[in-house]
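Down below is the structure, laid out as structure tokens.
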Amino acid sequence: MPDQPTVTDLSTCQNALVRSLFEWPPHDATDALLALLEPDGSGQQTRRGLQAYQGNGHFLAERALQAAYPTLQQLVGEESFAALARALWHAHPPTCGDLALWGGALAGFVENEPQLQDTPYLGDVARAEWALHCCASAADRPARLQTLELLTTHDPDRLILQFAAGTCVQRSRWPVASILLAHRVEAAVETHDTTHTASFDKVASALRAGQAEDLVVWRQGFQPQLRQTLPGEFGLLQDLLEEKPLGPSLSRNASVDFAGWLTLAVQSGLLCAVASYD
């Protein structure tokens, strides 16, 4: 009866297997694993099995990133996007079993990719798409609109606003909101969704003009949403998302039409509650 492997042997083999799946190119790591498993050199079948695992890993990487970055895939093309997914798989391998949580490093990876330097807005597009992806699975925060009454009865210096699940703001030197909304229009044609009005012609003009756009991401019901921020809204939301008091936040961002903003925030599901320090 062959000797049972020790815990140390198993740990060594497991570590070698992980390296063979994620290191790139994988040849040295694969050879090191085969030397452990097949020291007599008869490891061709094992090598083929490892290649199948490596290919399956690449497939999973592509599928995971397709779900999170549909607009980026359209912008760079399927072949280039698949290459990006494979490269990210090796440069930033997953650290947990849920691949829906993997892929957040893509924005920085894209920005440092030499072949994509002529499209410098792609990193911000990826960053916004990841925010939308995370927003979809953020812990729910039910609306408590009855608390809006506090706005009329309490000192705004003692109030904080609470926002929908996944709410965040992002600043960009590029018309990222318009880019993403234009692609949403295209994707929504079959469902006759006319809620977004950005067009590819407008996006092209905005890119040529070097138009910057800040954006806000939030979830309405179960549907992630985004739009370009209103004048002064970026700073206001930055403060309020950090749970800074409403009164001082409005003073620091005095250009915001608070009454108009409040109506939009409630109707769109961005604002879900008001709370008091009392």
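Between amide H atoms placed 1.01 Å from N, distances below 5 Å from residue 272 occur with 162, 163, 164, all of them 5 or more places distant or on a separate chain. Using 1/(1 + (r/R0)^6) with R0 = 51 angstrom and r between the beta carbons of residue 277 and residue 66, what's the FRET efficiency to the nearest 0.05? Computed FRET efficiency for residue 277 and residue 66: 0.70. Sort out for me the Cα centre separation of the stretch 215-259 from the stretch 74-92, rounded to whole Å. About 34 Å separates the Cα centre of the stretch 215-259 from the one of the stretch 74-92.
Using R0 = 41 Å, the C-beta based FRET efficiency linking residue 96 and residue 212 works out to 0.70.
Taking a point 7 Å out from the Cα of residue 118 in the direction of its Cβ, the residues of the stretch 197-236 whose backbone N falls within less than 16 Å of it are 208.
With unit charges on the beta carbon (Lys/Arg positive, Asp/Glu negative), name the residue among 96, 85, 115 whose Cα is farthest towards the positive pole of the charge dipole of the stretch 84-145. The listed residue farthest towards the positive side: 96.
For residue 271, the shell of other residues with beta-carbons less than 11 Å away shows a net charge of +2, using +1 for Lys and Arg and -1 for Asp and Glu.
Throughout, read-outs are computed from the coordinates displayed, never taken from laboratory work. From a predicted model like this one, the values you see are computed outputs, not experimental measurements. Backbone-built Cβ (ideal geometry, glycine too); neighbour counts: all protein chains shown.
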